[in-house]
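Participant: This is the structure I have questions about; it appears just below.
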Amino acid sequence: MRSLKLLALASAAALAASTAHAAPATTWAYSAKTGVGASYEAYVDGAYKAGGRTGPVSKVWFSIADGVLTETMYGLIHEAQIKQMRIAVQTALGLAVEGADTTAKTEYLHVDAAGRPLSPAYKITTTDKQGRFVIEKRIFTDPDRNALFVRVTVKALKGPVTPTLVLEPHMANTGGGDTGAASAAALTAYEGKAFLSLKGTKPFAKAGASALKDGDALAALKATTTSAKGAIVLTGQLPAVAKEATFDFAIGFGPDAKAADATAAASLKTGYAEVLARYNGEGARVGWEDYLASLSELPRLREASENGGKLVQASALMLKVQEDRTHAGALIASLSNPWGDTVDATQSSTGYKAVWPRDFYQCAMALAALGDKQTPLAAFHYLPTVQVGAKTLGNKGDGGWFLQKSHVDGTPEWVGVQLDQTAMPIMLGWKLWKLGWLPDAELKAYYARMLKPAADFLVKGGKVNLGWNTSTITPPFTQQERWEEQGGYSPSTTAAVIAGLVVAGDIAEAAGDKVSAELYRKTADDYSGKVEARMVTTKGSFGDGHYYLRLNSDQDPDNKSKVEERNGQQAAPEDRILDAGFLELVRYGVRRADDPAIVATLPKLDDESMEDLYRVRYGFKFPGVEGTFPGWRRYGVDGYGEDTKTGANYGEGNQMRPGQRGRVWPIFTGERGHYELALAGLKGKPDAAALKTIRDTYVRAMELFANEGLLIPEQVWDGVGADSPHGYTRGEGTDSATPLAWSHAEYVKLLRSVSDGLVWDSYAPVKARFAR
């Protein structure tokens, strides 16, 4: 999604000159999650606080990958406290460990009669490749406490086995600086004001704590020490298992050791059955079942799906899980750290556990499409937290624009200006207003406070002075387009800017500001009138030469100027880089689906005979499923992915490599489905045959891209170049980031659009103005 290394503002030259680096002392975990979870917490007056229907607010999130518990957060949603917890098993034939020596299966623990998930509680089964044992873990949080509950069942198949928990803390969101201790009663760790305590219903047979050495956590199994500092590993040996045994554990978190220990003990005392029932919302208890039941549009979106509603129900859970529980409405991009298993964890990083207003908009719109009336409003109310102004830490320049990336508490992380991220909050506000969810009085208040400064910035731009960024922004030229890598005139960015300004005109008029309303509409007209002149080439290198550019750095789309080097890829002429961003012009209503330049671009975008460097579209076949399903890369010459020469992760060793390749993103299958719907609806509501084709092609493809945990990845493997060390099959999610909230959002919105027979993200006043 983002060029993480480059956007930290390390120079391309410095990266190119880098020599090989030693492996980091400790890393994060594998990012292809098959499960993520947290408790459902009901708002109290639009905020998260105790006293509501769900009682105390739990602020714990967890993730699962490769059959093991991975990053587990407590506090704010990005504050990881655990890297992973595996189970090592001593057998008569030697040691085996979950992950390397097992296969894994992910299942939802609580499902309805049709097999659709009712909560993000999981049953994870790991099976020894040599057939010596099977381990089943049941994982969920305690909705009334800051605790994670784990039930472990070990089955010995070929003689007795001795299991040991291997816990790798990463307290305070780093892999170093921890202090840990181990005893028969508990495994504990802390850094700063973050403490954890892992306790079981029975004492450990043996416990140890040791420093991580050479990245080998399993060496801790031989340790005889019971305390350690730095990057640490904690072990707790369980009693030998002759046939089958079940063990219950709770990991409690708190601001001090006593609180963490008491929290874990309290969860264990409440017990597995009751904690799970509260989490699920069974009977009179309020939990995830209640949230799903509140989604008024979910039943018809299930009907629009191709897998019986399993993925849309999982998507509803995923979108709501990935919201902070301190800052209501703070929707993040993903509970993962891209390519985390090779990312240095000695320094704190959020990965994708942060707010990007663009991803945020997609998620809020998808939640609204589901009929969730509360979370999108909370999201809208949250937005001033990430809008740049006089109160923004370190800001000395003009405001009105929205931070590129920020912590959920509003702390700036990346400070590039992306104009679509400034337009989308306006678009969200208009949508909520027209749905009747945002009252007129509140809209007017937010117009003065947030929306007018944003719209004014889209008109006038300004002088930025925040962190490294001291640029002058002149819209619609954007400092960064939606992939955060280069500046210029971008079709996708411009589409959002025009839509944002048109609906800002409506809002301004409702607020009694007719002068601004006229200015916003007039500016939108000006930007729209220059779209083709700035962004459509008639002298391109592909086909007949007539198509939209991904990005143009100047006023001439025919001069073949080079797009700046990014992600290890050489600078390429702008006419040789295609993407599907121009389809956003149709989605928002800026251009008709049969607009000549739109139609002219599609054959080039879809040309599968191009060499892989420039090729964007790929077809996928899936076992047991008839047909070929389409997918698209972000753009040609994209380097945000694994190395085609070595299979190495993106940016591994802190190096950008020329072989890096961005893979296929399920998002674009959804975006294309929306375009086809708009095309089918040019003369009225699409007919049943057209809707069936869209469902069978685009809806089904997105469902097939999801993994067994019903999570949709950021990227799926396209089979180009060297195999990944993970041995991906074509169409399988990669180590980039799973689940990507935007992927789930695009799927949900496509279902809503198909169900309505109308593009959910289409803006009527925009369409009436430009795409009649």
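The values are calculated or read from the model by the stated rules, or taken from the named source; none is laboratory data. Just so it is clear, the structure is predicted and the values come from calculations on it, not from any experiment. Glycine also receives a Cβ, built like all others from the backbone with ideal geometry; neighbour counts cover every protein chain displayed. The accessibility values were calculated without ligands, DNA or RNA, using every heavy atom of the protein model including side chains. Shrake-Rupley method; radii C 1.70, N 1.55, O 1.52, S 1.80 Å.
Participant: On a 1.4 Å probe surface of the protein chains, which of W414, W356 comes out largest in accessible area, and what is the full order?
Facilitator: Putting W414, W356 in descending order of accessible area: W414, W356.
Participant: Sticking with this one: May I ask which of K604/K767; K33/K749; K155/K202; K320/K692; K452/K767 have a Cα-Cα span longer than 24 Å here?
Facilitator: Listed pairs above 24 Å: K604/K767; K320/K692.
Participant: Still on this structure, I have one more. In what sequence, highest mean first, do 632-640, 234-242 appear when ranked by Cβ atoms within 10 angstrom? Please report the intermediate quantities before stating the final value.
Facilitator: On the way: 632-640: 24.6, 234-242: 19.9.
Peptide ranking by packing, descending: 632-640, 234-242.
Participant: Enumerate the lysines that K562 could reach by cross-link, defined here as Cα to Cα under 18 Å, with residues fewer than 8 away along the same chain left out.
Facilitator: Those lysines meeting the cut-off are K539.
Participant: Same structure again: How large is the charge dipole for the range 639-772, taken about the Cα centre, if only the Cβ atoms of Lys, Arg (+1) and Asp, Glu (-1) carry charge, to the nearest 20 debye?
Facilitator: Numbers: 16 positive and 17 negative charges, 165 e Å.
With only Lys, Arg, Asp and Glu charged at Cβ, the dipole is about 800 debye.
Participant: HN-Hα J couplings of the range 78-83 from phi, Karplus 6.51/-1.76/1.60, θ = phi - 60°, integer Hz, Gly and Pro as x?
Facilitator: Taking θ as phi minus 60°, the curve returns 8, 8, 5, 10, 9, 7 Hz for the range 78-83.
Participant: Cα axis of helix 491-510 to longest principal axis of the chain: angle in degrees, 0 to 90, nearest 10?
Facilitator: Around 80 degrees separate the two axes.
Participant: Using packing as a proxy for protection, rank 717-730, 451-464 so that the peptide with the highest average count of other Cβ atoms within 10 Å comes first.
Facilitator: In decreasing order of mean packing, 717-730, 451-464 become 451-464, 717-730.
Participant: Determine the percent antiparallel among the DSSP beta bridges restricted to the range 172-242, to the nearest 5.
Facilitator: 95
Participant: Report the residues of the range 184-212 in range of a label on S348: point 7 Å along Cα→C-beta, backbone N strictly under 14 Å from it.
Facilitator: Inside the label zone: 191-195.
Participant: Among rounded, prolate and oblate, which fits the range 529-682 when a ≥ b ≥ c are the square roots of the eigenvalues of its C-alpha gyration tensor, a/c under 1.5 means rounded, and a/b larger than b/c means prolate?
Facilitator: Here the range 529-682 falls in the oblate category.
Participant: Now, a different point. Could you derive backbone 3J(HN,Hα) for the range 296-312 from the dihedral phi with the Karplus parameters 6.51, -1.76 and 1.60 (θ = phi - 60°), listing whole Hz in sequence and x where the residue is Gly or Pro?
Facilitator: 5, 9, 4, x, 6, 6, 4, 5, 7, 7, 10, 10, x, x, 5, 6, 5
Participant: Which of the peptides 622-631, 137-146 is most tightly packed, and how do the rest follow, going by the mean number of other Cβ atoms within 10 Å of each residue? Each step should come with its number before you reach the end.
Facilitator: Values: 622-631: 13.8, 137-146: 24.5.
Descending packing order for the listed peptides: 137-146, 622-631.
Participant: What is the local net charge at V637, summed over the other residues whose Cβ is closer than 13 Å to its Cβ (Lys, Arg +1; Asp, Glu -1)?
Facilitator: With Lys, Arg at +1 and Asp, Glu at -1, the net is -1.
Participant: What list of ³J(HN,Hα) values in whole Hz, one per residue of the range 611-618 in order, does the Karplus curve 6.51 cos²θ - 1.76 cosθ + 1.60 (θ = phi - 60°) give from phi, with Gly and Pro shown as x?
Facilitator: 5, 4, 4, 9, 5, 10, 8, 9
Participant: Mind listing the long-range amide H neighbours of D142? Cut-off is under 5 Å, sequence gap 5 or more, other chains count too, H placed in the peptide plane at 1.01 Å from N.
Facilitator: A147, L148, F149
Participant: Can you list the residues, at least 5 places off or on another chain, whose amide H is less than 5 Å from the amide H of R325, using H built in the peptide plane?
Facilitator: Here I77 satisfy the definition.
Participant: Quick one: order L93, L377 from most to least accessible surface, probe 1.4 Å.
Facilitator: The most accessible residue leads, giving L93, L377.
Participant: Still on this structure, I have one more. Between N654 and S609, how many nm apart are label points set 7 Å from Cα along the C-beta direction?
Facilitator: 4.7
Participant: For R730 paired with Q130, estimate the spin-label separation in nm (one decimal), with each label point 7 Å from Cα along the Cα-to-Cβ line.
Facilitator: It is 3.7 nm.
Participant: In addition: Could you work out the local net charge near G719, counting Lys and Arg as +1, Asp and Glu as -1, over the other residues with Cβ closer than 14 Å to its Cβ? Please list the in-between numbers first.
Facilitator: Numbers: positive: R615, R617, K621, R633, R661, R663, R730; negative: E608, D612, E642, D718, D723, E732.
Around G719, the surrounding residues sum to +1.
Participant: Any chance you could give the angle, 0 to 90 degrees and rounded to 10, that helix 666-680 forms with the longest Cα principal axis of the chain?
Facilitator: With rounding to tens, the tilt is 40 degrees.
Participant: Sum -39500 (n - 2.57) across every DSSP H segment of at least 4 residues in the chain, then divide by the residue count to get the 222 nm mean residue ellipticity, nearest 500. Please report the intermediate quantities before stating the final value.
Facilitator: Details: 22 runs with 220 residues, N = 772.
For the chain, the value works out to -8500 deg cm²/dmol.
Participant: Between the range 400-476 and the range 307-376, how far is it from one alpha carbon centroid to the other, in angstrom?
Facilitator: With the range 400-476 and the range 307-376 each reduced to a Cα centre, they are spaced 20 Å.
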